[in-house]
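Encoded as structure tokens, the structure appears first; notes follow it.
The values are calculated or read from the model by the stated rules, or taken from the named source; none is laboratory data. Model, not experiment: these values are computed from the prediction. Virtual Cβ from ideal backbone geometry, glycine too; neighbours counted across all protein chains shown. Just so you know, the surface numbers come from the protein's heavy atoms only, side chains and all, with ligands and any DNA or RNA stripped out. Shrake-Rupley method; radii C 1.70, N 1.55, O 1.52, S 1.80 Å.
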Amino acid sequence: MPIGIPGASELRSDADKKLTQFARENFATSLSRVQTYSAVGSVIEEIIKHAQQHTIDMVVMGTHADGLLKRVVFGSVGRGVLESAPCSVLPVPVRDAPR
């Protein structure tokens, strides 16, 4: 029996719906100022590209603030954005977040 695997457009559409729902639930009082965006590609490259194309003033991103050894072995999206962003970057520590 074949197993249906969703395509990239279906996965992105589902992600967009979940992101919009998250924004509604968590930023309801300031929703008119919140914009969501999703992309397919390298996380660091897509964040940088979006910031450049839309003249973003600041990127605010959650970080698990993992230890040095883990960052060296696996890399760090936060570090990559901090080093390459055309604007200010505010990393916000996220504690007890599911991974």
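Need pairs with beta-carbon distance below 9 Å; first residue surrounded by 11 or more Cβ atoms within 10 Å (Cβ to Cβ) and within the stretch 2-16, second of a type in the set (Gly, Ala, Ser); sequence gap 6+ or separate chains.
Matching pairs, first to second residue: Arg12/Ser38; Arg12/Ala39; Ala15/Ser38; Asp16/Ser38.
Residue under question is Thr55, and the condition is that it be open to solvent by 90 Å² or more (accessible area, probe 1.4 Å) and on the phi > 0 side of the Ramachandran plot; does it hold?
When the stated conditions are applied, Thr55 passes them.
Quick check on Ser32: is it small (Gly, Ala, Ser) and exposed (fewer than 11 other Cβ atoms within 10 Å of the Cβ)?
yes
Output the residue which, of all residues in the stretch 17-29 that are open to solvent by 70 Å² or more (accessible area, probe 1.4 Å) and within 16 Å of Met61 (Cβ to Cβ), is modelled with the highest pLDDT.
Phe22
Would you check which residues across the stretch 58-94 are part of a loop (DSSP other than H, G, I, E, B), at pLDDT below 80 and over 26 Å from Arg33 (Cβ atoms) and list them?
Within the stretch 58-94, His64, Ala65, Asp66, Gly67, Gly75 meet the criteria.
In a helix (DSSP H, G or I), out of contact with any Gly (no Cβ under 6 Å at 6 or more places or on another chain) and modelled with pLDDT under 85 - does that describe any residue in the stretch 32-48?
Checked against the condition, which is being in a helix (DSSP H, G or I), out of contact with any Gly (no Cβ under 6 Å at 6 or more places or on another chain) and modelled with pLDDT under 85, the stretch 32-48 yields at least one hit.
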